Amino acid sequence: HISGPTSYFAALYILVIAINAVMMPLANGLLVSLLAGILYVADVVFGHPIELSPALFLQLAVYWTVAAATGYLASRVRVAGQAQEALSAELHRGRLEAGDILRNIKTGILTVGGDGRLVYANPTAETLLGIDVPTLRNQPVLEVLDRIAPVLAEAVRRTTREGRRVVRREGDALVAGRTFPLGVSTTAVYAAEGTPPSVTAIFKDISDEKRLEALHLRTERLEAV
């Protein structure tokens, strides 16, 4: 029962308007506010004949203000939610693309945490070093690298210790009885200040490059003769 602007039940209009403003687009919320105002005035004027007072118009102003403010805030929340969903989808797509690249790249990529534990190794790194990544993940790996590729282990230690990247360090690797030259570069990634950085090493078998260099030198000597 509503008996004018002073009725406690008039607040129910505000509740209905606010809910519609949140659930519906801004224009729909304003339309509901307008219809609620018309219904409220009709109920006051015809259902409970009283004189029109400033309190009545103030109540209508409250309805429309609530509708506008709530609708605007709800629209901003919806826009923010859509932007977050788009960003999440883009991030997920980027991760898939990056993961696909890392899986298929012909260069070994290996990440070692500041505590010397293996964080990540792509399939090429697993093949080049002859290691079982699932077994070694989150386990100390530097001693294993010392036996397989000392140049790689030393580059990782130096970057961890000094925080500086190593560029194009070369050395021999011994895998399954085969010795081949390895080219190594590293970079440091700091997770928190005051803690040792994790190190990402990029390396590859440079046997072909070494053969080409030797062939080039041999050609130059023959030309000199």
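Numbers below:
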{"quantity": "Calculated FRET efficiency for the pair residue 165/residue 138, C-beta based, R₀ 35 Å, to 0.05", "calculated": "0.90"}
{"quantity": "Cβ-placed point charges (K, R +1; D, E -1), dipole of segment 123-225 about Cα centre in debye, nearest 20", "calculated": "140 debye"}
{"quantity": "Rough spin-label spacing in nm, given labels placed 7 Å along Cα→Cβ, for residue 224 and residue 180", "calculated": "3.1 nm"}
{"quantity": "Solvent accessible area, Å² - residue 88, 1.4 Å probe, full protein context", "calculated": "70 Å²"}
{"quantity": "Segment 111-143 and segment 159-223: distance between their alpha carbon centers, rounded to Å", "calculated": "16 Å"}
{"quantity": "Whole-percent carbon and sulfur share, accessible surface of segment 179-225, 1.4 Å", "calculated": "58 percent"}
{"quantity": "Phi-based couplings in Hz for segment 194-211 (Karplus 6.51, -1.76, 1.60; Gly and Pro marked x)", "calculated": "x, 10, x, x, 7, 10, 10, 10, 10, 8, 7, 6, 10, 4, 4, 5, 5, 5"}
{"quantity": "Theoretical gain in end-to-end length, residue 120 to residue 76 [0.36 nm per residue, Cα-Cα removed]", "calculated": "11.8 nm"}
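The values are calculated or read from the model by the stated rules, or taken from the named source; none is laboratory data. This structure is a prediction, so every number in the text was calculated from the model and none was measured. So basically every Cβ, Gly included, is an ideal-geometry build from the backbone, and we count neighbours across all protein chains shown. Heads up: the accessible areas ignore ligands, DNA and RNA and are worked out on the full protein's heavy atoms, side chains in. Shrake-Rupley method; radii C 1.70, N 1.55, O 1.52, S 1.80 Å.
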